[in-house]
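One structure is given below, encoded as structure tokens.
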Amino acid sequence: MSPARRTSRPPKEPPKHRVLVVDDEPQIVRALAINLRARNYEVDSAHDGATALRTAADRRPDVIVLDLGLPDMDGVEVIKGVRAWGRVPILVLSARQTSDEKVKALDAGADDYVTKPFGMDELLARLRAAVRRAEPAPPTAEPVVLQAEGLSIDLGAKKVRRDGKDVRLTPTEWHLLEVLVSQSGRLISQKQLLKEVWGPSYQKETNYLRVYMAQLRRKLEADPSHPRHFITEPGMGYRFEG
């Protein structure tokens, strides 16, 4: 009798990324965990804000999916807590649908906002986009460093300094800055900026631009109420002036 053949299994792919799902609805956590693990993501979960902050600090996820309506604190407080130490992309998942709620979450440092009920395919696409924005850019042939009135912007190293001090930007803030600076002096339409930074399905989310431009001005302008570098052309778009 011939010996039994051993079939070799293909090596298992390493996990794509680690995702922290924060929601107090077990069925949503379970559905997201099943779908994410099926796509080779590692998944951690938390059912309240305190656990979310502790888990985020301990596990250092690559992206956080966060519900705002948590039992112990508002999700916006979780965003602020994470932003105090890290740049991990945060995708808000909430039943709150008003523009004010979206702006509040984005202004606290969220990268995207999906309202419940949601389609799983759309949510996964937005999660992938958030992760892509946080990934290091491929090295350029020649480092580009822009100096402008107290600002030093190093596109290759993804570093910004204002008046000699490092400024920490979130991945989305950096991506917006990068698009504007790489076309310094040119007007870039709202539609083009939304497409470049968030993706083609975001071309009507003009409130995203208002919030993130305000954040860049607050962090990088000497006088945010009278911007010198981040210029708005009402109804048209934005441009960076060096």
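The values are calculated or read from the model by the stated rules, or taken from the named source; none is laboratory data. Since the model is a prediction, treat every value here as computed from it, not as a measurement. We place every Cβ from the backbone using ideal geometry, glycine too, and count neighbours over all the protein chains shown. Just so you know, the surface numbers come from the protein's heavy atoms only, side chains and all, with ligands and any DNA or RNA stripped out. Shrake-Rupley method; radii C 1.70, N 1.55, O 1.52, S 1.80 Å.
Do you know which residues across region 107-122 are under 10 Å from the mean Cα position of the chain (by Cα), within 18 Å of PRO200 (Cα to Cα) and either of a type in the set (A, V, I, L, M) or assigned to a loop (DSSP other than H, G, I, E, B) (or both)? Correct list: ASP111 only. Considering only residues in region 57-76 that are of a type in the set (A, V, I, L, M, F, W, C) and within 23 Å of PRO26 (Cβ to Cβ), the one that is surrounded by the fewest Cβ atoms within 10 Å (Cβ to Cβ) turns out to be MET73. When you scan region 32-46, do you find a residue that is open to solvent by 10 Å² or more (accessible area, probe 1.4 Å), β-branched (Val, Ile, Thr) and part of a strand (DSSP E or B), even just one? Yes: region 32-46 contains one or more residues that are open to solvent by 10 Å² or more (accessible area, probe 1.4 Å), β-branched (Val, Ile, Thr) and part of a strand (DSSP E or B). In region 215-242, how many are in contact (Cβ under 8 Å) with a residue 24 or more places away in the chain, open to solvent by 40 Å² or more (accessible area, probe 1.4 Å) and outside any strand (DSSP E or B)? Qualifying residue count, region 215-242: 6. For region 132-149, the condition holds for no residue, the condition being that it is more than 18 Å from ASP48 (Cα to Cα) and at pLDDT 90 or above.
Specify which of the listed residues (ILE79, ILE28) is over 20 Å from LEU176 (Cα atoms), open to solvent by less than 40 Å² (accessible area, probe 1.4 Å), of a type in the set (Val, Ile, Thr) and out of contact with any Cys (no Cβ under 9 Å at 6 or more places or on another chain).
Values: ILE79 fails: over 20 Å from LEU176 (Cα atoms).
Exactly one of ILE79, ILE28 is over 20 Å from LEU176 (Cα atoms), open to solvent by less than 40 Å² (accessible area, probe 1.4 Å), of a type in the set (Val, Ile, Thr) and out of contact with any Cys (no Cβ under 9 Å at 6 or more places or on another chain), namely ILE28.
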